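Take a look at the structure set out below.
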Amino acid sequence: MAASVRLLARRVIRLSHRNIFAPAAGASARSGCCYETSACRCLSDAAEDRNTHFGFETVPEAEKAKRVYKVFENVAQKYDVMNDAMSLGIHRLWKDMLLHVMHPQPGAQLLDVAGGTGDIAFRFLDYVRSQQERQKRRAARSSQTPSWQEISDNYSSEDELQPSRAVVCDINKEMLRVGKQKAESTGVSAGLSWVVGDAEELPFDDDQFDIYTIAFGIRNVTHIDQALQEALRVLKPGGRFMCLEFSKVTNPVLARLYDAYSFQMIPVLGEVIAGDWKSYQYLVESIRKFPSQEEFKHMIEDAGFCSVQYYNLTGGVVALHSGFKL
């Protein structure tokens, strides 16, 4: 209820403002580490006339969200199959690397935005369970013959530990429906919840999560800066932002091969497997419109995150970005 009231209040504030506040002339957009962020992205009189990109096409901002929604509504049923086909299965390694770098511990609270079919959430819960088992085995080896007091203390410490949970948040109901079906078919339910929500206006209170992830989703957001500010808001102090996204290939030879494959093969695969050429043409084009690794790093810093860094995967085909809320 509180989250709904907070969301309504933010929308009222945005609609009531008519001026866009900007830094004073000569003021630096970035300083050493952490930054003050505005309470909201205020709208001007001409807000509805602003344009943005939808792939290589220029469209009004208000139209982009609707068209992106339609794309993922169309591809939801074949989304996972197409991921395997387009990346030759390598997307699984990229997501495994995300979890390896994240290294979540038992009790961690995850928000996976644009989580769709649940790939990151499932991996997170599996990883946390494996960590719990590893810790139990380690504890058993360290005390082969524990006293009754030690056994009692162990039970008490386990009860005090908040169970880990993963919240999958996606604006697209069809993607969430497919994710729920996967969870049911694999028997995954404990610690997992599904929420319809917009990355630019998350339906959660402040300081709720230890980790925020968004994998191959932020390039589809109309206002990336606003999504980053929302990520900062819902993270607890010390929480971690992690983004896995297609990026700029660093090797010129690989870049030419990657471009040829992307534009000549991926839409064809979309037509053959999912019966949808246009949606996958958009997805290929949207990758080219996304900022470079360094540009996106600066955007994350501008949102208020500290210790921001990125790792190139597969020669920069994908980059894993990470930052912390202090």
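The values are calculated or read from the model by the stated rules, or taken from the named source; none is laboratory data. What you see is a predicted model; the values in this text were computed from it and never measured. Note that each Cβ is placed from the backbone with ideal geometry, even for glycine, and that neighbours are counted across all protein chains shown. For accessibility, only protein heavy atoms count, side chains too; no ligands or nucleic acids. Shrake-Rupley method; radii C 1.70, N 1.55, O 1.52, S 1.80 Å.
Numbers at a glance
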quantity: Residue check for Val101: closer than 28 Å to Asp198 by Cβ, over 14 Å from the mean Cα position of the chain (by Cα) and open to solvent by less than 20 Å² (accessible area, probe 1.4 Å); calculated: no
quantity: One residue from Ala108, Ala199 being under 20 Å from Val75 (Cα atoms), modelled with pLDDT of 95 or more and open to solvent by less than 80 Å² (accessible area, probe 1.4 Å); calculated: Ala199
quantity: Close pairs from region 289-301: first buried (at least 17 other Cβ atoms within 10 Å of the Cβ), partner of a type in the set (D, E, K, R), Cβ under 6 Å, at least 6 apart; calculated: Phe290/Arg219; Glu301/Arg30
quantity: Residue in region 164-179 that is in contact (Cβ under 8 Å) with a residue 24 or more places away in the chain, open to solvent by 30 Å² or more (accessible area, probe 1.4 Å) and part of a strand (DSSP E or B) present; calculated: yes
quantity: Residue tally, condition touching a His at 6+ places or on another chain (Cβ under 8 Å) and open to solvent by less than 60 Å² (accessible area, probe 1.4 Å), over region 302-326; calculated: 1
quantity: Selection from region 208-222 of residues that are at pLDDT 95 or above and more than 14 Å from the chain's Cα centre (by Cα); calculated: Gln208
quantity: Within region 95-106, tally of residues that are in contact (Cβ under 8 Å) with a residue 60 or more places away in the chain and part of a loop (DSSP other than H, G, I, E, B); calculated: 1
quantity: Top-ranked residue of region 248-266 - restricted to ones that are of a type in the set (D, E, K, R) and farther than 11 Å from Val284 by Cβ, ranked as least open to solvent (accessible area, probe 1.4 Å); calculated: Lys248
quantity: Where Met242 falls short, out of the listed (1) within 23 Å of Phe54 (Cα to Cα); (2) crowded, with 18+ Cβ neighbours inside 10 Å; calculated: (1)
quantity: In region 51-93, residue modelled with the lowest pLDDT [restricted to those that are open to solvent by 20 Å² or more (accessible area, probe 1.4 Å) and in contact with a strand residue (DSSP E or B) (Cβ under 7 Å, 6 or more places away or on another chain)]; calculated: Thr58
quantity: Pick from region 223-239, criterion open to solvent by 10 Å² or more (accessible area, probe 1.4 Å) and touching a helix residue (DSSP H, G or I) at 6+ places or on another chain (Cβ under 7 Å), ranking: nearest to Ala108 (Cα to Cα); calculated: Leu232
